[in-house]
1. Give all pairs with beta carbons closer than 8 Å in which a residue from the stretch 46-67 that is assigned by TED's automatic domain parsing to the domain that holds Ser172 and closer than 23 Å to Cys101 by Cβ meets a residue that is outside any loop (DSSP other than H, G, I, E, B) and at pLDDT below 95; count only pairs at least 6 apart in sequence or on separate chains.
2. Among the residues of the stretch 252-287, count how many are surrounded by 17 or more Cβ atoms within 10 Å (Cβ to Cβ), among the aromatic types (Phe, Trp, Tyr) and closer than 21 Å to Cys210 by Cα.
3. For the stretch 99-114, which residues satisfy the criterion of being surrounded by fewer than 19 Cβ atoms within 10 Å (Cβ to Cβ) and over 19 Å from Leu384 (Cβ atoms)?
4. Which one of these is surrounded by fewer than 18 Cβ atoms within 10 Å (Cβ to Cβ) and at pLDDT 95 or above: Lys368, Lys383?
5. Scan the stretch 83-108 residue by residue and report those that are modelled with pLDDT under 95, part of a loop (DSSP other than H, G, I, E, B) and of a type outside the set (D, E, K, R).
6. Please go through the stretch 343-372 and pick out each residue that is under 21 Å from Leu74 (Cβ atoms) and either of a type in the set (D, E, K, R) or over 15 Å from the mean Cα position of the chain (by Cα) (or both).
7. I'd like to verify a number: residues in the stretch 139-156 that are among the aliphatic types (A, V, I, L, M), more than 17 Å from Asp193 (Cα to Cα) and touching a strand residue (DSSP E or B) at 6+ places or on another chain (Cβ under 9 Å), how many?
8. Out of Val189, Val175, report the one residue that is more than 22 Å from the chain's Cα centre (by Cα), touching a residue at least 40 places away in the same chain (Cβ under 8 Å) and either in the same structural domain as Trp111 (by TED's automatic domain parsing) or assigned to a strand (DSSP E or B) (or both).
Amino acid sequence: MISEKPMRLLVVFMALTIAFSASAAVYPSSIAQPVTQGNQTAYPWPMFHNDPRHTGYTESPAPNTSNLLWNYTLTGAVGMASAAVVDDKLFIQSEDNYVYCLNAITGAYVWKYKSDLSMEYYHSVYHPIRASPAVVDGKVYIGSIDDYVYCLNANTGEVIWRYKTGDDVVSSTTVAEGKVFIGAIDSNVYALDADTGALIWNYKTEGAVCSSPAVADGKVFAGCWDPGNTLYCLDAGTGALIWSYKVERPVPTNPAVVDGKVFFAVGGFPGWIYCLNESTGERLWYYETALSVYSSPAVAYGKVFVGNIEGNVYALDENTGTSIWIYTTKGSVNSSPAIADGKLYIGSYDQYIYCLNAIKGTLIWSYKTGDHVESSPAVAYGKLYVGSMDGHVYCFGGPPAPPPPPLLPYGAYIINAIIVIVAIIFIGVYLYVRMRKKKT
């Protein structure tokens, strides 16, 4: 007969064995597997402010911390040009007039392309490089200060076609409806065939067009500088004027079109953010800032987000223009905000990249680069990408998920099952002995 004390020790041992065996048996189905990086069902960022409407918003998850995954050193600074991220590749233009393609996951170099422009010409005209690429259907569309619009192969960087305008192109390309829409310093808004580069139409404005056209509901919206100082609404198919809205200062920023409204900002002292009716051009509201606004508005969560050269980041009510919150950095904010996952990302002349709570305007994190940040952030595949005048492209994301513990060999599960059966037998014997003792 088994004595009571050894039996108790055996029961404890068997209980622990059962617990271990049970946890091992349920592990494969209870632990979430890490998401594969580069999953094409995730959200890319194919052009300035993400989409033809220039909302600046994505449903992609976005970093909660300033965890730096990688940074890549270019041979030139990154000014107001921002990145496009598609098919696990990042595309960005630098002040050295190269278009770079990097691996968006690792930061590794893929290719670069330089136009025929010499740096002497660049310095003589001093039109800063601010054009951001658009990447659609395996093609990269980008404007250059050599007067050309380029279409490059996204995998190789080889030129597919190029179109010569009448002057520098600092406007960012917008691709929609099989067309490439872009402005130029020659005062024209152009619509080109996305496959061939053939001119479909052009519209002559009253001033240089640095603004990147927004495209929505069969209409194109773009602004111009002095002497025109006008926001234009054109027919996307024909280029015919639908309406125009004249202001007192240049319109250097890129409009956003959301919920039947057009939002754009105006430079000068003071600066203004305007909201117009998309169909008629009627002014619905405007908001005045003390200094110029060169940041382009993003629209999400019923709010309009924009920065200005005072160093402020504003959140305004989309319907009324009422100020909801203001966050102040220590430098001018020419960068345009990106909105994702309840957060706002933006750069400042104080060299920092900021992540703010988009609802409350409170700081979540900041990261100091080596120079001021005018480049507008891009959020894609759960990561944040942004360039800096220090010549680096930065990628932020969450820390990599820890690998799951190794699974037990198949034979170990058989052994555990035998142990469990033996334990059940011994426990049964123990309970039987206890019952017999109580009866006697």
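The values are calculated or read from the model by the stated rules, or taken from the named source; none is laboratory data. Computed from a predicted model, the values in this text were never measured in an experiment. Note that each Cβ is placed from the backbone with ideal geometry, even for glycine, and that neighbours are counted across all protein chains shown.
1. If the second residue must be outside any loop (DSSP other than H, G, I, E, B) and at pLDDT below 95, no pairs are left.
2. Matching residues across the stretch 252-287 total 4.
3. Tyr109, Val110, Trp111, Lys112, Lys114
4. Only one candidate qualifies: Lys368.
5. Those that are modelled with pLDDT under 95, part of a loop (DSSP other than H, G, I, E, B) and of a type outside the set (D, E, K, R): Ser94, Asn97.
6. Within the stretch 343-372, Ser348, Tyr349, Gln351, Tyr352, Tyr367, Lys368, Thr369, Gly370, Asp371, His372 meet the criteria.
7. First pass over the stretch 139-156, keeping only residues among the aliphatic types (A, V, I, L, M): 140, 142, 145, 149, 152, 154.
Within this subset, residues satisfying the condition of being more than 17 Å from Asp193 (Cα to Cα) are 145, 154.
Restricting the remaining residues to those that are touching a strand residue (DSSP E or B) at 6+ places or on another chain (Cβ under 9 Å) gives 154.
The number of residues fulfilling the criteria is 1.
8. Val189
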